[in-house]
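Each value in this text was obtained by applying a stated rule to the coordinates, not by laboratory testing. Everything quoted here is computed from the prediction, not taken from an experiment. Every residue, glycine as well, gets a Cβ built from its backbone with ideal geometry; the counts of neighbours run over all protein chains shown.
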Amino acid sequence: MLVFLLAHAIGNDYLFYAGYIVVQYIVLATAWNILGGYCGYVNFGSAAFFALGAYTSVFFHKTYPLPIPALLVIAAGVSGLVGLGTGYLTLRLRGAFFAIATLALAVVLQTLVVNWNYVGGSRGAYVIRPSDIEILGVKLDYIQYLFLIIILLAAIAVTIARAIERSKLGYGFATIRDDELAAEASGVPTLKLKLIATTLSGALMGMAGAPFPYYIGYLEPASAFGLPYAVNSIAMPLIGGTTSWVGPLIGSILLGTLQQVATVTISSAVNLLLVGVLLVAFVIIAPNGLVGLMQPHLRRMGWTWRRPSSKSKASASASAASSPSTEST
Amino acid sequence: MYVSADLLLNALVAGLLLGGFYAAVTVGISVSFGILDIVNIAHPGFIIVGSYIAYIVNAQFGLDPIIVGILGLPAFYALGALTYQVYYLSFEKRGQEALRGLAFFFGLLFITEVVLILVFGVDYRYVNTPYVDKTVTVGLVQLPMRMVVPCVMSLVMLAALQLFLTRTFLGRAIMAVAQDQLALRLMAANPIKIKRIAFAVSIATCALAGAFLIIIQPVEPSIGREYIGRVFAICVLGGLGSLPGTLIGAMLLGIVESFTATFYGPSWAPAVAFGLLLLTLAVRPAGLMGR
């Protein structure tokens, strides 16, 4: 909400656009982390799930225009099912196969979309959005409406991640990450848990994609399946820290903002290079990300992330202050 | 649709030639992923670097790309050894290769791509050699030399590597690393050193594979991504760590891709490899020649 009001108050169109992209990355990074950070399975196909959601919107826009909330649900269903399918085929094998299969998924889907003329093929598709919408008697600019939706999505994603972390499911995920064989041996239904994580993660990524075509107005395969989505949704959690919901949040806000600034001030190619270098540097030097780096200092000051009673403290702590999730949780 | 015999035959031959080249691209992955269990998804990135080196030297001095590739072997070997050392110290030693090691290679792939874009732009680059635009016709079959030369050279490279792995002491040690590291250590051999050598060899193949690539088609920085799916599909299809399997897998993929391109149009070709990969993973994850 804060971001929204801030962007609205300043009234700068670019800032508004940049804000949307950053919030969108919060959803993607958090979704990635549910599978990657909690279970330890790498998904290189974030772009595929995201584009799947986006193209679901395009498809319905052409056939029978539906309101955005309905599109969100459908996109979540489609992406979740694809996630489940991919997971079902490959999660019984070693982790590396799943990672490779997700890479494969992105290319297969992109080829399908390129060859499917109904949704625009390789030329792309224009999506004309209504100029405004009325909710509860308040007339809103459509762009602002979309902005509110993505913020809501980010809040939902972070809330889910946070809830998982403290639940039985989360502990199950952690056993998979730490030692899958031992977990399996002690009766943890690892395959079922992994499938839940993949489906959930895929569904959230699809939801992030659904409003995007309306927001951007024009969607083409090369940008919808763009490598930046895949790289960022991996880099953001790994740079922020993968073990808790705070990591992806910090990572996406910092890295997302940094990229928006770098795109404007330097160039878009350099900003991608920046992400790559940061990703490699962080996995080598700081395997636990920014959260891992900060943890000793925070503990000394009396903060802890994981203590269940410290909800207010956790949300009051420095870096989460500007995020939308703090208001919602 | 009417399908003539010579169209079919030409598609088949084109597929076999393409497959021979794919074998050269994949053989490095067969060593690093198949034998050493290192999921080096940055491999195609190294190949593209090899292509650009061949391009620069060819443009400057007019040297044949394949000679450039051979001269580049030691440099790529050193690069591979260095990469493995970083990988080992940062991930393998700490037991973090599953998540962060993968992210590391993904980052490397991404960095090479972006750096190449920054330096050379997104224009397609190609090389000039006397045989690039020549075609020999045998009966009904057309043999474009830009496919034949890389295919033959790649078979030579594959044979040399197979001999190295099965007939030399070092090669056998590399195969042994895949089976039992502890046993190797008990015999006073250092598995880390052997793995470093093997990984360096796998990267060294990129120098040549890159040279082949730029002979076959014009290269731009982001085509490496198309090859990720291909190399892993071939590697898994053929059976992990088996070089004869790699060759068979590569030929199969080459033929399937060539037929798809001939009968359905080239825009479907990229999906073929991935479809094949998903199918293999679902039906027979051990691959054709798998253990």
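What the table below lists for this structure:
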| item | result |
| --- | --- |
| Peptide A:39-45 - average C-beta neighbours from other chains (10 Å radius) | 3 |
| Volume in Å³ per residue [convex hull over Cα atoms, computed for segment A:211-292] | 99 |
| nm² value of the averaged projected area, convex hull over the Cα atoms of the protein assembly as shown | 30.6 |
| Sites A:SER167 and A:VAL73, calculated FRET efficiency, Cβ-Cβ separation with R0 35 Å, nearest 0.05 | 0.90 |
| Shielding score for B:262-270, defined as the mean number of other chain Cβ atoms within 10 Å | 2 |
| Taking all pairs of distinct alpha-carbon atoms in segment B:143-291, Kirkwood radius in angstrom | 17.0 |
| Computed over segment A:30-150, the ratio Rg/Rh where both radii use C-alpha atoms and Rh is Kirkwood | 1.04 |
| Value of D in µm² per second that Stokes-Einstein yields for chain B, Kirkwood Rh from Cα pairs, at 10 °C (1.306 mPa s) | 82 |
| Computed P(r) (all Cα pairs; segment B:94-194; 5 Å bins; percent) | 2, 9, 9, 9, 10, 15, 15, 12, 10, 5, 3, 1 |
| At R0 = 35 Å, FRET efficiency that the Cβ-Cβ distance of B:SER267 and B:LEU71 yields, to 0.05 | 0.45 |
| Relative contact order (%) - criterion: Cα under 8 Å, at least six apart; region: segment A:2-226 | 41 |
| Extension reserve of the A:LYS62-A:ARG92 stretch, reckoned as 0.36 nm per residue once the Cα distance is removed | 7.0 nm |
| Projected-area mean, segment A:2-226, by convex hull of Cα positions, square nanometres | 12.8 |
| By average C-beta atoms within 10 angstrom, highest first, the peptides A:283-292, A:198-207 | A:198-207, A:283-292 |
| Volume of the Cα convex hull of segment A:212-256, divided per residue and given in Å³ | 73 |
| Relative contact order of chain B, pairs being alpha-carbon contacts under 8 Å that are 6 or more residues apart, as % | 38 |
